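Colleague: Following this message is one structure expressed as structure tokens.
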Amino acid sequence: MRVIISSLLSVAAIILCQSCNGPASPAMATSNAKPDVLASHTDSTTSPATDFFQYANGGWFKKNPIPSDETSYGIGELVQRELSEKLRQINEEMEKKAATSGVEQQVGDFWHSAMDSAGIEGMGVKPLQPELDRINALKSAEEVMLQAAHMHAFGIGAFFEEGVSQDAKNSEMEAYYMNQGGLGMPNRDYYLKTDARTVGIRTAYLKHIAKTFILCGVDSVQAEKKATEVLKFETALAKASRKLEDLREPYKNYNKIAIINLNSIAPKTNWTLCLQTIGVKNLDSVIVGQPEFYTTLDKLVNTTPLPVLKDYLSFHLVNSLSEYLSTAFFNESFGFYRKTLRGQEQPRPRWRRALEYEHSAMGEAVGKLFVKEYFSQNAKKRYETLVVNVKNAYKTRMQQLTWMSSETKQKAINKLESITYKVGYPEHWRDYSSLKIDRGPLVLNMIRASQWFNNYQLNKLGKPVNRTEWDMTPQTYNAYYNPSNNEIVLPAAMMSVPGYKDEELDDALVYGYTAASTVGHEITHGFDDEGRKYDEKGNLHNWWVPQDSVEFVKRAQVLVKQFNGIIPIDTMHINGEATLGENLADLGGVLIGLDAFKQTDTYKKREKISGLTPLQRFFLGYSLGWLLEQRPERLANQLLVDVHSPAKYRVNGIFPNIPDFYTAFSIKPTDKMYIPDSMRVHLW
Ligand SMILES: [Zn+2]
């Protein structure tokens, strides 16, 4: 998935996996004679020339329907399931051990509080009553904003979003970002689109708000009135919010404003006091992503009746924390956010949810307990070498580009050579010693963990950037590129294939699965439509000769058009503009991963494995990274909120642009997977 960007705006996502010694997964059987993972997944009834994604993965899909407690199922879920078994053991041991200090105490006590279903049931909403009382006592719009700020300090994103991240124009410094937010549904589209699916979701959301009030003790007539007003308020925020594709323009979403001048965009809000309440210090300016959003928010908060604002805050408080409360609250939250929005039929068992909560509360602490046994030094070396090989391949390819001037080319190569990489797990681990975890209510542990993280982030302000930090845990099936550090980060879990040890994976598979879909993908993010706007030091700064920029945009536009033409469900198209960065990274990843693969002995020897040539195995290895089936609800959700294209099109939408794909599988002009050369993307 390969994803990411640490700024608050551009969050991408993604994935891949890694091998461990856990129980064999049901999907990828192991035995003394293990089947070839690639050949055993293929669907012999589908031609690679018709639908490559189905050909590569369809055999596996037929044997592995989506379980009722998943919204999608594929390689990422398999990796997570394998990991979960290991993590569960560690947690259970720690709970029994009942250490009185250190990370073992925190892990053991957290597990106890998360698994204590009887205790959670008995408390109902009581742990949140002090906060609900505070909201109830508010007397003015100013107090409402201060309460929202107070809630931000423990992770409730009422009215807006904010956080600490490297300054996009000065990567040496940490900055404080303020962005649009405050919605209970995933983004503006859910409030404004008029297709039947979205209208249905909106109706369900209205009921969900009302039901949440009823669970808090409000009668049903009042609850419906409150819900209608809360939805109306959020719809006004949604209208003032930018579209997904417009959030990917880094210059337009960077507006540095002195704190004392914030009243120029939001005259009635006392931002100095609000920021103090959140805990912002050592700072005289902030970066506002969408100033017009704050202008509207300011107006709305000062014209909306006080009871509606209080209802909005109460709902967001309870709604954000419902899954840690008693069954009635959990079920209500599950019903809307998991079932209606994403199609999940059943909740996961409590122990798996406990692991998710723990990951969100103190993931690195848990990661540290098991990672060294999980990711061998040999594997670390293998993937570090892979990164070097992929970088070299990209350099050669850049040198040969005919459309780019030598001036831009030199700067691009300079940036490429400056890309640093982190593989496996952090050298320095986060110190959680000041986080208080006990065996009391789960929801209070979660609130304290959010407060801890808020303080941890805010403490960075005014200090030099710590470039050794990781924004993902080693047990995360994902990876990212951080433009501010000009670095790629590859967590250990991402390289694994469940049921197989790393040394059992041939180079053809690994170059497709990891070098192309992850390493090449992340490196290309440094040169996608957004990443190319940052220089080798990680600063937003235009280093392109103007004509080369024009040429880049023209060539990238071909990919926008290709993806705009894809309709995965109902009448919903892929958003070619919003997904451009990820699609470019996929395209670049395959091209440079393949170039790097061509330098290996495996490629040169041309020996077949399970009847497949090295080149065929490369393309199948890449497709293994996108082994994923989704429920229709989840697919529709992804099309509205995600800057990544659905898995199928990360394969079928990309390969027709790769010349070697045609030769590897003898694709002919009359085949579905064929597009004429004149319509292919010629960028990297
Ligand atoms: Zn990505």
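The values are calculated or read from the model by the stated rules, or taken from the named source; none is laboratory data. A quick note: this is a predicted structure, and the numbers were derived from the prediction, not measured. Note that we place each Cβ from the backbone using ideal geometry, even for glycine, and neighbour counts take in every protein chain shown. Accessible surface is based on the protein model in full, side chains and every heavy atom, while ligands, DNA and RNA are left aside. Shrake-Rupley method; radii C 1.70, N 1.55, O 1.52, S 1.80 Å.
Colleague: How many of the residues in the range 576-601 are in a loop (DSSP other than H, G, I, E, B) and either crowded, with 24+ Cβ neighbours inside 10 Å or within 15 Å of the ligand (Cβ to nearest atom) (or both)?
Modeller: Summing the residues that are in a loop (DSSP other than H, G, I, E, B) and either crowded, with 24+ Cβ neighbours inside 10 Å or within 15 Å of the ligand (Cβ to nearest atom) (or both) in the range 576-601 gives 2.
Colleague: Here's another thing I want to ask about it. How do the helices (runs of 4 or more DSSP H) wholly within the range 114-157 filter down when requiring 3 or more residues that are farther than 17 Å from VAL318 by Cα: which remain?
Modeller: By residue number, 117-123, 141-152.
Colleague: Out of the residues in the range 521-536 meeting the condition of being closer than 10 Å to ASN486 by Cα and part of a helix (DSSP H, G or I), tell me which one is nearest to the ligand (Cβ to nearest atom).
Modeller: Going through the qualifying residues, I end up with HIS525.
Colleague: Same structure again: Hey, does the range 428-440 have a residue that's surrounded by fewer than 20 Cβ atoms within 10 Å (Cβ to Cβ), outside any loop (DSSP other than H, G, I, E, B) and among the hydrophobic types (A, V, I, L, M, F, W, C)?
Modeller: no
Colleague: Please go through (1) among the aliphatic types (A, V, I, L, M); (2) in contact with a Phe, Trp or Tyr (Cβ under 7 Å, 6 or more places away or on another chain); (3) open to solvent by less than 10 Å² (accessible area, probe 1.4 Å) for ALA449 and return the number of the only condition it doesn't satisfy.
Modeller: For ALA449, the exception is condition (2).
Colleague: Could you check, for the range 266-273, whether at least one of its residues is open to solvent by less than 30 Å² (accessible area, probe 1.4 Å), in contact with a helix residue (DSSP H, G or I) (Cβ under 6 Å, 6 or more places away or on another chain) and of a type in the set (A, V, I, L, M)?
Modeller: Within the range 266-273 (the criterion being open to solvent by less than 30 Å² (accessible area, probe 1.4 Å), in contact with a helix residue (DSSP H, G or I) (Cβ under 6 Å, 6 or more places away or on another chain) and of a type in the set (A, V, I, L, M)), the answer is yes, since at least one residue qualifies.
Colleague: Name the pairs whose Cβ atoms lie under 6 Å apart, with the first residue in the range 575-586 and within 18 Å of ASN187 (Cα to Cα), the second open to solvent by 10 Å² or more (accessible area, probe 1.4 Å) and within 13 Å of the ligand (Cβ to nearest atom), and 6 or more positions between them or separate chains?
Modeller: Pairs found: ALA578/VAL643; THR579/VAL643.
Colleague: Can you tell me how many residues in the range 602-625 are touching a residue at least 12 places away in the same chain (Cβ under 8 Å) and either open to solvent by 10 Å² or more (accessible area, probe 1.4 Å) or of a type in the set (Asp, Glu) (or both)?
Modeller: So the answer is 9.
Colleague: If you scan the range 127-138, which residues turn out to be open to solvent by 60 Å² or more (accessible area, probe 1.4 Å) and either in contact (Cβ under 8 Å) with a residue 60 or more places away in the chain or among the small types (Gly, Ala, Ser) (or both)?
Modeller: ASN136
Colleague: Any idea which of (1) open to solvent by 20 Å² or more (accessible area, probe 1.4 Å); (2) without any contact (Cβ under 8 Å) to a residue 60 or more places away in the chain; (3) over 16 Å from ALA141 (Cα atoms) is the one ASN263 doesn't satisfy?
Modeller: Going through (1) open to solvent by 20 Å² or more (accessible area, probe 1.4 Å); (2) without any contact (Cβ under 8 Å) to a residue 60 or more places away in the chain; (3) over 16 Å from ALA141 (Cα atoms) one by one, ASN263 breaks only (3).
Colleague: Go through the residues of the range 55-65 one by one and say whether even a single one is closer than 21 Å to ALA354 by Cβ and crowded, with 18+ Cβ neighbours inside 10 Å.
Modeller: no
Colleague: Using beta carbons and a limit of 9 Å, which pairs, at least six apart or on different chains, have the first residue in the range 295-310 and open to solvent by less than 30 Å² (accessible area, probe 1.4 Å) and the second one at pLDDT below 95?
Modeller: That search, which allows pairs on different chains as well, returns nothing.
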